1. What number of residues within region 124-150 are among the aliphatic types (A, V, I, L, M) and over 15 Å from GLU110 (Cα atoms)?
2. Return the pair list, or none, for Cβ contacts closer than 7 Å from residues in region 1-13 that are outside the structural domain of ALA119 (by TED's automatic domain parsing) to residues that are of a type in the set (Val, Ile, Thr) and surrounded by 13 or more Cβ atoms within 10 Å (Cβ to Cβ), at least 6 apart or on different chains.
3. Take the residues of region 6-17 that are modelled with pLDDT of 80 or more and in contact with a strand residue (DSSP E or B) (Cβ under 9 Å, 6 or more places away or on another chain): which is farthest from CYS31 (Cα to Cα)?
4. Report, by residue number, each residue of region 82-139 that is of a type in the set (Asp, Glu) and either at negative phi or in contact with a Gly (Cβ under 8 Å, 6 or more places away or on another chain) (or both).
5. Residues that are outside the structural domain of ILE32 (by TED's automatic domain parsing) and within 29 Å of MET13 (Cβ to Cβ): list the strands (runs of 3 or more DSSP E) wholly contained in region 86-147 that include at least 2 such residues.
Amino acid sequence: MEIEEIKTIVRLMSEHDLTEFKIEAEAYNLCIRRGSGAPPAQVVMAAPAAMPLAAPAAAPAAAASVPAPAAPAEPAVPVTTIDSPLVGTFYRAASPEAQPFVKVGDKVTEETIVGIIEAMKVMNEIKAEKSGVVKEVLVENGQPVEYGQALFVIE
């Protein structure tokens, strides 16, 4: 599916006040939802068979060249990440003049808004979906992000 087709679907949804659009095909599944309570729009594309084979082959080579880190002296604290639910441009605040939604050291809950991702001119609020304390911000304001990319480290 081409981006122009998706833009046309979004425009038609706005014009006709539709809140959800789904289409399933052999190569992709597309689900677009509008409204404040709906999850962000998602596009799932089927990958060619050759792509999954290439990624695992590169991982062992990289792992073999990096020595194993020494065991930490302290007990390990579970560290997790808040990941991007979609592709787009990440913003840490609601506007350029506003304070960031979260900073290092802030406590977050599942419902805490940690940022915004702009995708196809739609601003999607990103919730933590996990509880913890923000230990590190991994992306800069205005940076493009990919689906599944780690945005924050929390523990």
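1. Residues of region 124-150 that are among the aliphatic types (A, V, I, L, M), as a first pass: 126, 128, 133-134, 137-139, 145, 150.
If we keep only those that are over 15 Å from GLU110 (Cα atoms) as well, we get 137-139, 145, 150.
Residues flagged as among the aliphatic types (A, V, I, L, M) and over 15 Å from GLU110 (Cα atoms) within region 124-150 amount to 5.
2. From region 1-13, the pairs are ILE9/ILE32; VAL10/ILE32; MET13/ILE32.
3. Filtering region 6-17 for residues that are modelled with pLDDT of 80 or more and in contact with a strand residue (DSSP E or B) (Cβ under 9 Å, 6 or more places away or on another chain), the one farthest from CYS31 (Cα to Cα) comes out as LEU12.
4. The initial filter retains those residues of region 82-139 that are of a type in the set (Asp, Glu), namely 83, 97, 106, 110-111, 118, 125, 129, 136.
Correct list: ASP83, GLU97, ASP106, GLU110, GLU111, GLU118, GLU125, GLU136.
5. Those strands (runs of 3 or more DSSP E) span 88-91, 113-119, 122-127, 143-145.
The values are calculated or read from the model by the stated rules, or taken from the named source; none is laboratory data. Values in this document were obtained by computation on a predicted structure and should not be read as measured data. Note that each Cβ is placed from the backbone with ideal geometry, even for glycine, and that neighbours are counted across all protein chains shown.
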